[in-house]
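Note sheet for the following structure.
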Amino acid sequence: MDHRAAWKQYMRELCLSNDSSDEEDNLVLATLTVWHANVEASRRGPWGESIPGHRRIHRNRMEGHNRLYNDYFAESSVYPDYIFHHRFRMKHDLYYKIVKEVEDHDLWFQQRRNAAGELGLPSLQKVTTAFRMLAYDAPADSLDECLRLGESTIIESMRRFVRAIVEVFGDEYLRAPNEEDIALLLDMNQRRGFPGMLGSIDCMHWKWKNCPTAWSGSFRGHVNAPNIILEAV
(Lines give C-alpha, C1' and ligand atoms only; values in the text may rest on other atoms or scores of the structure.)
Protein backbone atom coordinates (compact mmCIF):
# COMPACT_ATOMS: atom_id res chain seq x y z
CA MET A 1 0.00 0.00 0.00
CA ASP A 2 1.25 3.51 -0.82
CA HIS A 3 2.40 5.49 2.23
CA ARG A 4 -0.20 8.21 1.54
CA ALA A 5 -2.96 5.61 1.42
CA ALA A 6 -1.68 4.06 4.68
CA TRP A 7 -1.67 7.49 6.29
CA LYS A 8 -5.26 8.19 5.24
CA GLN A 9 -6.39 4.72 6.34
CA TYR A 10 -4.90 5.20 9.79
CA MET A 11 -6.47 8.63 10.20
CA ARG A 12 -9.85 7.19 9.20
CA GLU A 13 -9.57 4.35 11.73
CA LEU A 14 -8.35 6.75 14.40
CA CYS A 15 -11.37 8.97 13.98
CA LEU A 16 -13.76 5.97 14.22
CA SER A 17 -12.04 4.35 17.19
CA ASN A 18 -12.58 5.44 20.82
CA ASP A 19 -10.50 2.68 22.49
CA SER A 20 -7.07 4.36 22.52
CA SER A 21 -6.07 7.00 25.06
CA ASP A 22 -4.99 10.54 24.19
CA GLU A 23 -1.36 9.78 25.06
CA GLU A 24 -1.29 6.75 22.75
CA ASP A 25 -2.89 8.72 19.95
CA ASN A 26 -0.40 11.57 20.31
CA LEU A 27 2.52 9.14 20.32
CA VAL A 28 1.30 7.34 17.20
CA LEU A 29 0.57 10.61 15.41
CA ALA A 30 4.04 11.95 16.23
CA THR A 31 5.65 8.73 14.98
CA LEU A 32 3.65 8.77 11.75
CA THR A 33 4.46 12.45 11.19
CA VAL A 34 8.20 11.78 11.41
CA TRP A 35 7.84 8.68 9.23
CA HIS A 36 5.84 10.62 6.62
CA ALA A 37 8.46 13.40 6.51
CA ASN A 38 11.27 10.88 6.05
CA VAL A 39 9.44 9.14 3.22
CA GLU A 40 8.82 12.45 1.46
CA ALA A 41 12.48 13.41 1.84
CA SER A 42 13.59 10.09 0.37
CA ARG A 43 11.46 10.70 -2.71
CA ARG A 44 13.36 13.88 -3.56
CA GLY A 45 16.55 14.06 -5.53
CA PRO A 46 19.96 14.15 -3.87
CA TRP A 47 20.00 17.96 -4.16
CA GLY A 48 16.71 18.47 -2.34
CA GLU A 49 14.46 19.27 -5.32
CA SER A 50 11.02 17.77 -5.73
CA ILE A 51 11.88 16.07 -9.04
CA PRO A 52 13.91 12.90 -8.47
CA GLY A 53 17.32 13.18 -10.09
CA HIS A 54 16.76 16.75 -11.23
CA ARG A 55 19.66 19.08 -10.50
CA ARG A 56 19.15 22.81 -10.36
CA ILE A 57 22.04 24.79 -11.79
CA HIS A 58 22.45 28.24 -10.27
CA ARG A 59 23.35 30.15 -13.43
CA ASN A 60 23.42 33.61 -11.87
CA ARG A 61 20.72 34.74 -14.26
CA MET A 62 20.76 38.39 -13.22
CA GLU A 63 24.43 38.60 -14.13
CA GLY A 64 23.54 37.39 -17.62
CA HIS A 65 20.78 40.01 -17.88
CA ASN A 66 23.03 42.83 -16.65
CA ARG A 67 25.71 41.84 -19.13
CA LEU A 68 23.18 41.77 -21.97
CA TYR A 69 21.79 45.18 -20.99
CA ASN A 70 25.22 46.79 -20.67
CA ASP A 71 26.38 45.32 -23.99
CA TYR A 72 23.48 46.51 -26.16
CA PHE A 73 20.82 48.54 -24.33
CA ALA A 74 22.54 50.83 -21.82
CA GLU A 75 23.01 54.52 -22.58
CA SER A 76 26.75 53.96 -22.94
CA SER A 77 26.58 50.40 -24.30
CA VAL A 78 29.65 48.34 -25.10
CA TYR A 79 28.62 47.72 -28.72
CA PRO A 80 27.46 50.60 -30.96
CA ASP A 81 24.17 50.76 -32.81
CA TYR A 82 25.44 49.35 -36.09
CA ILE A 83 26.62 46.17 -34.34
CA PHE A 84 23.21 45.85 -32.65
CA HIS A 85 21.52 46.23 -36.03
CA HIS A 86 23.81 43.60 -37.56
CA ARG A 87 23.34 41.06 -34.79
CA PHE A 88 19.61 41.50 -34.18
CA ARG A 89 18.63 42.38 -37.79
CA MET A 90 16.67 45.45 -36.64
CA LYS A 91 16.95 48.84 -34.97
CA HIS A 92 16.53 49.55 -31.25
CA ASP A 93 13.10 51.16 -31.64
CA LEU A 94 11.62 48.17 -33.41
CA TYR A 95 13.22 45.81 -30.91
CA TYR A 96 11.73 47.67 -27.94
CA LYS A 97 8.33 47.77 -29.62
CA ILE A 98 8.30 44.00 -30.10
CA VAL A 99 9.45 43.37 -26.51
CA LYS A 100 6.74 45.67 -25.13
CA GLU A 101 3.96 44.13 -27.24
CA VAL A 102 4.99 40.55 -26.41
CA GLU A 103 5.29 41.36 -22.71
CA ASP A 104 1.82 42.92 -22.61
CA HIS A 105 0.31 40.02 -24.55
CA ASP A 106 1.77 37.11 -22.55
CA LEU A 107 2.24 37.39 -18.78
CA TRP A 108 4.93 34.70 -18.97
CA PHE A 109 7.36 37.29 -20.35
CA GLN A 110 6.79 39.68 -17.46
CA GLN A 111 9.29 39.59 -14.63
CA ARG A 112 7.61 38.25 -11.51
CA ARG A 113 8.52 36.42 -8.31
CA ASN A 114 7.97 32.69 -7.98
CA ALA A 115 6.49 30.82 -5.03
CA ALA A 116 9.85 30.88 -3.26
CA GLY A 117 10.05 34.66 -3.55
CA GLU A 118 12.85 34.58 -6.13
CA LEU A 119 12.78 37.22 -8.86
CA GLY A 120 12.16 35.69 -12.26
CA LEU A 121 13.76 36.39 -15.63
CA PRO A 122 13.30 39.82 -17.23
CA SER A 123 11.41 40.00 -20.52
CA LEU A 124 14.48 41.39 -22.28
CA GLN A 125 16.41 38.23 -21.49
CA LYS A 126 13.64 35.87 -22.63
CA VAL A 127 12.89 37.70 -25.87
CA THR A 128 16.57 38.01 -26.77
CA THR A 129 16.99 34.23 -26.68
CA ALA A 130 14.21 33.89 -29.27
CA PHE A 131 15.75 36.61 -31.45
CA ARG A 132 19.16 34.94 -31.32
CA MET A 133 17.74 31.57 -32.32
CA LEU A 134 15.84 33.12 -35.24
CA ALA A 135 18.69 35.37 -36.41
CA TYR A 136 21.47 32.79 -36.23
CA ASP A 137 19.58 29.49 -36.38
CA ALA A 138 21.31 28.64 -33.10
CA PRO A 139 20.44 25.60 -30.95
CA ALA A 140 18.91 26.36 -27.57
CA ASP A 141 21.72 25.03 -25.41
CA SER A 142 24.31 27.19 -27.20
CA LEU A 143 22.80 30.35 -25.66
CA ASP A 144 23.24 29.24 -22.06
CA GLU A 145 26.78 30.55 -21.69
CA CYS A 146 26.04 34.13 -22.72
CA LEU A 147 22.42 34.59 -21.59
CA ARG A 148 22.39 32.27 -18.54
CA LEU A 149 19.17 30.42 -19.37
CA GLY A 150 18.52 26.70 -19.38
CA GLU A 151 17.66 24.84 -22.56
CA SER A 152 14.05 24.16 -21.54
CA THR A 153 13.50 27.84 -20.66
CA ILE A 154 14.93 28.96 -24.00
CA ILE A 155 12.71 26.55 -25.93
CA GLU A 156 9.67 27.74 -23.97
CA SER A 157 10.64 31.36 -24.72
CA MET A 158 10.84 30.59 -28.43
CA ARG A 159 7.49 28.77 -28.46
CA ARG A 160 5.66 31.55 -26.62
CA PHE A 161 7.43 34.29 -28.57
CA VAL A 162 6.41 32.91 -31.96
CA ARG A 163 2.83 32.45 -30.81
CA ALA A 164 2.71 36.00 -29.42
CA ILE A 165 4.10 37.46 -32.66
CA VAL A 166 1.42 35.72 -34.72
CA GLU A 167 -1.38 36.75 -32.37
CA VAL A 168 -0.25 40.38 -31.95
CA PHE A 169 1.05 41.26 -35.42
CA GLY A 170 -0.64 38.64 -37.59
CA ASP A 171 -3.64 40.71 -38.67
CA GLU A 172 -1.42 43.58 -39.84
CA TYR A 173 1.79 42.01 -41.12
CA LEU A 174 1.03 38.35 -41.84
CA ARG A 175 -2.02 38.82 -44.03
CA ALA A 176 -2.37 38.58 -47.80
CA PRO A 177 -1.81 41.87 -49.68
CA ASN A 178 -4.94 43.92 -50.36
CA GLU A 179 -5.58 46.23 -53.31
CA GLU A 180 -3.77 49.13 -51.67
CA ASP A 181 -0.68 46.99 -50.99
CA ILE A 182 -0.65 45.66 -54.55
CA ALA A 183 -0.87 49.17 -56.02
CA LEU A 184 1.97 50.31 -53.77
CA LEU A 185 4.21 47.39 -54.80
CA LEU A 186 3.51 47.86 -58.49
CA ASP A 187 4.30 51.56 -58.28
CA MET A 188 7.49 50.93 -56.33
CA ASN A 189 8.73 48.31 -58.80
CA GLN A 190 7.86 50.53 -61.76
CA ARG A 191 9.99 53.34 -60.34
CA ARG A 192 12.83 50.83 -60.01
CA GLY A 193 12.57 49.94 -63.68
CA PHE A 194 10.37 46.82 -63.49
CA PRO A 195 6.85 47.82 -64.59
CA GLY A 196 4.14 45.27 -63.93
CA MET A 197 6.23 43.26 -61.45
CA LEU A 198 4.63 42.49 -58.10
CA GLY A 199 7.54 40.49 -56.71
CA SER A 200 10.34 38.24 -57.86
CA ILE A 201 12.54 35.66 -56.17
CA ASP A 202 15.59 34.34 -57.98
CA CYS A 203 18.81 32.68 -56.86
CA MET A 204 22.18 31.76 -58.28
CA HIS A 205 25.22 29.78 -57.15
CA TRP A 206 28.36 31.85 -56.75
CA LYS A 207 31.66 30.01 -56.54
CA TRP A 208 33.49 30.70 -53.26
CA LYS A 209 37.13 30.71 -54.28
CA ASN A 210 38.58 31.44 -50.80
CA CYS A 211 36.26 29.22 -48.80
CA PRO A 212 38.00 27.86 -45.66
CA THR A 213 38.78 24.17 -45.91
CA ALA A 214 36.91 23.41 -42.69
CA TRP A 215 33.70 24.88 -44.19
CA SER A 216 33.98 23.46 -47.70
CA GLY A 217 31.77 20.46 -46.95
CA SER A 218 28.95 22.65 -45.60
CA PHE A 219 28.99 24.88 -48.70
CA ARG A 220 29.10 22.14 -51.31
CA GLY A 221 25.92 21.08 -53.09
CA HIS A 222 25.20 19.84 -56.58
CA VAL A 223 28.08 22.04 -57.78
CA ASN A 224 31.35 20.21 -57.15
CA ALA A 225 32.99 23.21 -55.48
CA PRO A 226 32.32 25.44 -52.46
CA ASN A 227 29.65 27.96 -53.43
CA ILE A 228 27.28 30.47 -51.92
CA ILE A 229 23.62 30.80 -52.92
CA LEU A 230 22.71 34.43 -53.66
CA GLU A 231 19.01 35.26 -53.49
CA ALA A 232 17.51 38.27 -55.22
CA VAL A 233 14.05 39.46 -54.20
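Remarks
- Of all residues making up the range 88-112, the number that are farther than 18 Å from residue 160 by Cβ and modelled with pLDDT of 80 or more: 6
- The single condition among (1) touching a Ser or Thr at 6+ places or on another chain (Cβ under 6 Å); (2) not in a helix (DSSP H, G or I) that residue 176 does not satisfy is (1).
- Residue 142 at pLDDT below 80, at negative phi, of a type outside the set (A, V, I, L, M, F, W, C) and surrounded by fewer than 15 Cβ atoms within 10 Å (Cβ to Cβ): yes
- Restricting attention to the range 71-89, the residues that are in contact with a helix residue (DSSP H, G or I) (Cβ under 8 Å, 6 or more places away or on another chain) and assigned to a loop (DSSP other than H, G, I, E, B) total 4.
- Contact map, the range 79-107: residues that are at negative phi paired with residues that are assigned to a helix (DSSP H, G or I) and of a type in the set (Asp, Glu), Cβ distance under 6 Å, separation 6+ or inter-chain. Pairs shown: 79/71.
- Qualifying residue in the range 144-160 (condition: among the acidic types (Asp, Glu) and not assigned by TED's automatic domain parsing to the domain that holds residue 100): no
- Restricting 111, 125 to those that are surrounded by 13 or more Cβ atoms within 10 Å (Cβ to Cβ), out of contact with any Cys (no Cβ under 7 Å at 6 or more places or on another chain) and assigned to a helix (DSSP H, G or I) reduces the list to 125.
- Qualifying residue in the range 197-208 (condition: touching a residue at least 24 places away in the same chain (Cβ under 8 Å), in a loop (DSSP other than H, G, I, E, B) and of a type in the set (S, T, N, Q)): yes
- Any hit, the range 161-180, residues being within 30 Å of residue 229 (Cα to Cα) and of a type in the set (D, E, K, R): yes
- Filter result for residue 182 (more than 18 Å from residue 98 (Cα to Cα) and either part of a helix (DSSP H, G or I) or hydrophobic (A, V, I, L, M, F, W, C) (or both)): yes
- Number of the condition not met by residue 203 [criteria: (1) in contact with a strand residue (DSSP E or B) (Cβ under 8 Å, 6 or more places away or on another chain); (2) closer than 24 Å to residue 110 by Cα]: (2)
The values are calculated or read from the model by the stated rules, or taken from the named source; none is laboratory data. This one's a predicted model, so the numbers in the text were calculated from it and none came from an experiment. Cβ atoms come from the backbone with ideal geometry, glycine included; neighbour counts cover every protein chain shown.
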